[in-house]
Structure formats: C-alpha cells, structure tokens
1. Semi-axes of region 48-100's equivalent ellipsoid from the Cα gyration tensor, sqrt of 5 times each eigenvalue, largest first, rounded to whole Å?
2. HN-Hα J couplings of region 85-101 from phi, Karplus 6.51/-1.76/1.60, θ = phi - 60°, integer Hz, Gly and Pro as x?
3. Given a 1.4 Å probe and the protein chains all in place, what does the accessible area of Thr107 round to, in Å² to the nearest 10?
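The values are calculated or read from the model by the stated rules, or taken from the named source; none is laboratory data. Computed from a prediction, not measured in an experiment: that's the story for all the values here. Just the protein is used for accessible areas: all its heavy atoms, side chains included, with ligands, DNA and RNA removed. Shrake-Rupley method; radii C 1.70, N 1.55, O 1.52, S 1.80 Å.
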Amino acid sequence: MKIRHSLRAVAAATALAGGLLAVTGPAFAATTAKIANYASIAPGATTSMLLVCPSYAPTMLLGTVAFTPKAGVTVTGTSLDTSSDPFHRHILTITAQNGSAVWSGLTALATCTS
C-alpha cells in the first residue's frame, strides 16, 4: 500500500509540475561518431582500406566522407557495403593507387550516426 500511495504522490507532483512530457524530455537523441583511417602505400602499388562505422552509430553520412591523399596517390574507387555486417554497420572500401616512386599515403575521414 505504501508504494501505491507513493506512486500516486509522485504522479500528482509531476502533473502539477507540467506533466510527464516536460519532466522526461526527448526520448532519444542521435549519436554521431567521427571515424578515420590511414593507409601507407608502396611505390607503384594499389591498396584498399576500410572505413567502418561503430555499432552505436552504424549509418555513414555520405556527404561527410573526405579523402586526403599524399603526393602521387589517387583514389581509384569506392564501394559502400550496407548489408553484410552482423551489426548493420556501414563499411566503405576505398581503393587507392600510388603512382610515385616513393612511399606515400591516404587519409580517409567520415561521420556516422545512429
């Protein structure tokens, strides 16, 4: 009985304070994560690298994907996988080629959301 009366008192106080919606606020807020990867590429080589969204923010925002190639590196292709990961994370595969005679690299950045 004491618990029931306590719950009624809390409910009454909440109603006086402006209702349940005012007390609880929004149900869920979107979570975002910034992800990055770097690949060193040998002279004349082609390589692939991955950008993988974390499970708490599995959807990649494609407008936020950015590449920063070092001298001699060219991005030759990208592929976004949205269905094969068991955690439903988006995985971006980037293919790059180093056309120079020295080691070089590529940085890739993106933002993911829930």
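1. Values: eigenvalues 121, 24, 13 Å².
Sorted largest first and rounded, they come to 25, 11, 8 Å.
2. 6, x, 9, 6, 7, 7, 10, 9, 9, 10, 10, 9, 10, 9, x, 9, 9
3. 40 Å²
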